[in-house]
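Structure, as structure tokens:
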2 protein chains.
Amino acid sequence: MRNPLLAPELRELLSKNDVTTIQDFCRFMHPKAVADFLATLSPKEIWRILRSLEPSLRAEIFSNFDEDVQLDIAETLSRDELAQLISDMPPDDRVDLFKRFPPEKQDLILPALAKAEREDLRKLASYPEGTAGAVMTSDYVALPPDITVREALERIRLEAPDKETIYYAYVVDEKRRLIGLVSLKDLILAPPHKLVRDVMHKDVIFARVTDDQEDVARMIQKYDLLALPIVNGDNVLVGIITHDDAVDVITQENTEDIEKFTAIGGPHEAGVYMKLSTLEYFRKRAPWVIGLAGLELFSGMIIRHFEDVLNQFLILAFYMPMMTATGGNTGSQSAIMVIRALALREISLKDFLKVIFKEFKVSLLLALVLGLLLWFKITYFTSGAEVPSGFSLSTVGLAIGLAFATQVIVASLLGGVLPLLAAALKLDPAIVSGPTLSTLMDIMGMLVYFSICKIVLGI
Amino acid sequence: MRNPLLAPELRELLSKNDVTTIQDFCRFMHPKAVADFLATLSPKEIWRILRSLEPSLRAEIFSNFDEDVQLDIAETLSRDELAQLISDMPPDDRVDLFKRFPPEKQDLILPALAKAEREDLRKLASYPEGTAGAVMTSDYVALPPDITVREALERIRLEAPDKETIYYAYVVDEKRRLIGLVSLKDLILAPPHKLVRDVMHKDVIFARVTDDQEDVARMIQKYDLLALPIVNGDNVLVGIITHDDAVDVITQENTEDIEKFTAIGGPHEAGVYMKLSTLEYFRKRAPWVIGLAGLELFSGMIIRHFEDVLNQFLILAFYMPMMTATGGNTGSQSAIMVIRALALREISLKDFLKVIFKEFKVSLLLALVLGLLLWFKITYFTSGAEVPSGFSLSTVGLAIGLAFATQVIVASLLGGVLPLLAAALKLDPAIVSGPTLSTLMDIMGMLVYFSICKIVLGI
């Protein structure tokens, strides 16, 4: 059982340099918990502890540090220590770290690795970020089809210490093309003398190295898989993506989507808020805050264009924030529903017309309700004489209500269609959401508002 | 290999009533793929196919349908057929379906189940939604500590056909209290004569039935677990949550968060956009669109209060949309960063002061840059005489720039603090985000804008 009281005790052990007890602690706790705990120490102190452990545990704990901490520790190591550590790491974690080294350091490390590892590292590092290839690991169990279940179990037992998962084994032909899958459960339940070929699942769910990482993660989620095999263009098995990496991809993509909804720039790993320096944080936020404020100059230009209308009917100014807010809200609602449905692979581009129709129907209802409410409020609950003589409050209410209704419909349609357009252009649908969309709606809203009021009021 | 060309062929088989080939298809494909495919048929047709399959496969495919489809199929079954089907389902899927039956139907089904299943169902159904208890399954392998590894493997082999996962086995004492964990990998690699007690991990990561489902899902993600054991108040093992359910919880919570950011009401399962009727969709959206528009009446009241200022300086109206947009954008950025950091368990309530300080520093920089830019734009790039005599454009620029700077700081601080306050009140931090926050910022913004302009311009 987890005992949080261990923490202060361990701190004391560190100061006493009691290596044996610290080793026991590292072996007893989950490697991630050990990493979290050790992360409070300096890189040199961490390495003193890690060095005293057996290589496999050392690499496992090391892999569980954040990449920044990994880099800091790597800085303190000699070339040979680092090469050894990298060799012991799981291939997917190893390549993530390797990619963050500066080129000189990469060139220094590569020759110090064994040939097989060097080639594996080069290969994995060659896949572009965001693809299945960049997330997969080369650490999986592959079996030929013509051995028996007993032989297969024996092979798995032998390979188990080095493999990330042994619960799925992939069956490949003599050219390493993927032809089947057996789970350890299948093997345990099958008669030992049967051939792997006869117990394997032939309908293997797989993805390609070039597939989008989010698509692949969603497949793992959809089919409740422990791992998904990844093949190249010739159907040759080149790696697997495990369930734990899939959930990290999903979290990362969610964080990016959410930050796009609120216009915070750059790609992001999860969990960085407290670590961002003020300047980094400023750089993430400033372009959007200032850029979008700049765009709002257009809404200013539109208002100025209708200066005369506003001068005569100052009451229009009172409803301006409501107008921009309503346009932004309805547009964002539509956009978010469509973006989320796209992200969860619930709809695709071919549903274009269905989305337009769905958004049109709901916006018509919203427009009707909101327009009527506003007309009613302005006609019956406006005190005082804010309108020039010759105009009734009811006419002004009609103008404003009609303008709001139009804006609700326009905003819903645009909100629904723009993410689909972005997707059609192979852009991330989330870019047309949140503040970007709101700003567009503000500009559109001021145009709709003053144009319609001008027409209805006949000025 | 997956062959999409099967689809039209299967359609033909259905019309020809070729049951054997359809059975082969159901056995060959992944149960989720079969369910997706069959979902296009009517409930009666689906049941005709499912009935012809062996009970375990039938229940597995059935569990992979959306709950709505499950309910539709259940409608067409006799009491005994339904009771049998429910008995064959995994306990966690079974309880999800059971909870959606009307009480009469629940009362009808329960007596038709075997006693053990009835009690299991009642027990699982008793945990409140959103807790670990409501997500967990009671289908796990438990071992006593004092059997050998060989005996443990034999037990797992015997239990394997009925268990959701056999890759983790939980070690319990005579009172079923959780005392250890062995993975199937550990058992395969351990000497067969050793005792389970001596090979098990004693530092088991676990959660309690009453824990929040998102906390538990995040633990599974953090420690890369296949499953997490769930104990009651007496440390008795009562269930496990598997990795695939954890990723579904994470997705569901993300969807809810995202919808809250854009003010779409109600709790949601993933993947519902296309299924929502226009009226349901309207009901999700209308309260927010209309409610928030209603709140904007306050910003209207504030503008009206400053009618004289606006009448004299109509130029102020040109910058109103920019003002509301900037307040909303900066406030949302701060809120989103804090909400996401809270959701990923990166910060907690005790970081209150750190968050305030961090937001203050970055907003000071943003305010400085934005205020100066605006002052510059208004002073040097405003054509024509929009200001009354006796006032210079530079003074107006100073007033507007200062108002924007103040709003940026206020919005950042509020955006950072409100989610923490919500969390302190045990509310979901995401409720103070997106449109709700923007509306608050609009009202606040108009107040700041006109007050500061009035003071600086001395009118």
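Is there a pair in A:LYS175/A:LYS426; A:LYS354/B:LYS426; A:LYS185/A:LYS354; B:LYS123/B:LYS222; A:LYS222/B:LYS222 whose C-alpha atoms are over 32 Å apart, and which pairs would that be? Beyond 32 Å between Cα atoms: A:LYS175/A:LYS426; A:LYS354/B:LYS426; A:LYS185/A:LYS354. Rounded if a/c is under 1.5, else prolate if a/b is larger than b/c, else oblate: which is region A:10-63, with a ≥ b ≥ c the root eigenvalues of its Cα gyration tensor? Rounded shape, in that the Cα axes give a/c under 1.5.
Using C-alpha pairs below 8 Å separated by at least 6 residues, the relative contact order for chain B is 11 percent. A Förster distance of 56 Å, applied to the separation of the beta-carbon atoms of B:TYR223 and B:GLN84, puts the FRET efficiency at 0.90. Restricting the calculation to Cα atoms, the protein assembly as shown yields a radius of gyration followed by a Dmax of 31.2, 101 Å. Rounded if a/c is under 1.5, else prolate if a/b is larger than b/c, else oblate: which is region B:141-242, with a ≥ b ≥ c the root eigenvalues of its Cα gyration tensor? Prolate. Placing a pseudo-label 7 Å from each Cα along the Cα-to-Cβ vector at A:LYS44 and A:LEU110 gives an inter-label distance of 3.3 nm. Rounded to the nearest 5, the antiparallel percentage of DSSP beta bridges internal to region A:141-249 is 70%. Applying a DSSP loop filter and a limit of 14 other Cβ atoms within 10 Å to the GluC sites (Glu not before Pro) in region A:72-145 leaves A:GLU129.
Against chain A, whose longest principal axis is taken from its Cα atoms, helix A:115-125 shows a tilt of about 10°. Partner shielding of A:280-290 amounts to 5, given as the average count of beta-carbon atoms from other chains within 10 Å of each residue beta-carbon. DSSP assigns beta bridges within the protein assembly as shown; of those with both partners inside it, close to 75 percent run antiparallel. Assign one of three labels to region B:273-457, namely rounded, prolate or oblate, based on the Cα gyration tensor with a ≥ b ≥ c the square roots of its eigenvalues; rounded applies when a/c is under 1.5, prolate when it is not and a/b is larger than b/c, and oblate otherwise. Because a/c hits 1.5 or more and a/b fails to exceed b/c, region B:273-457 counts as oblate.
When both region B:201-264 and region B:152-190 are represented by their alpha-carbon centers, they are found 21 Å apart.
Only beta bridges with both residues in chain A are counted; by DSSP, about 75 percent of them are antiparallel.
Under a 5 Å amide H cut-off, with hydrogens placed 1.01 Å from N, B:ASP428 pairs with nothing among residues at least 5 apart or on other chains. Protection proxy ranking for B:283-289, B:336-342, B:375-381, using the average of other Cβ atoms within 10 Å per residue and placing the highest first: B:336-342, B:283-289, B:375-381. Working from label points 7 Å from Cα in the Cα-to-Cβ sense, the B:ASP215 to B:LEU368 distance is 4.1 nm. Averaged over the residues of A:195-203, the number of partner chain Cβ atoms lying within 10 Å of the residue Cβ comes to 2.
Helix B:149-159 and the longest principal axis of the C-alpha atoms of chain B enclose an angle of approximately 90°. The calculated 222 nm mean residue ellipticity attributable to helices in chain B amounts to -20500 deg cm²/dmol, summing -39500 (n - 2.57) over DSSP H runs of n ≥ 4 and dividing by all residues.
By how many degrees, 0 to 90 and rounded to 10, does the Cα axis of helix A:6-16 deviate from the longest principal axis of chain A? So the helix axis and the longest Cα principal axis differ by about 60 degrees. A cut-off under 15 angstrom between Cβ atoms defines the neighbours of A:VAL432, and their net charge, with Lys, Arg +1 and Asp, Glu -1, is -3.
Here B:LYS175 and B:LYS354 are evaluated by their C-beta separation; at R0 = 41 Å the FRET efficiency comes out at 0.40. Shielding by partners for peptide A:330-337, expressed as the average number of C-beta atoms from other protein chains within 10 Å of each residue's C-beta, is 6.
Exposure proxy ranking for A:ARG58, A:ARG345, based on other Cβ atoms within 10 angstrom of each Cβ and starting from the fewest, stands as A:ARG345, A:ARG58.
Read-outs: derived from the displayed coordinates by stated rules, not from any lab. This structure is a prediction, so every number in the text was calculated from the model and none was measured. Cβ: placed from backbone, ideal geometry, glycine included. Neighbour counts: every protein chain shown.
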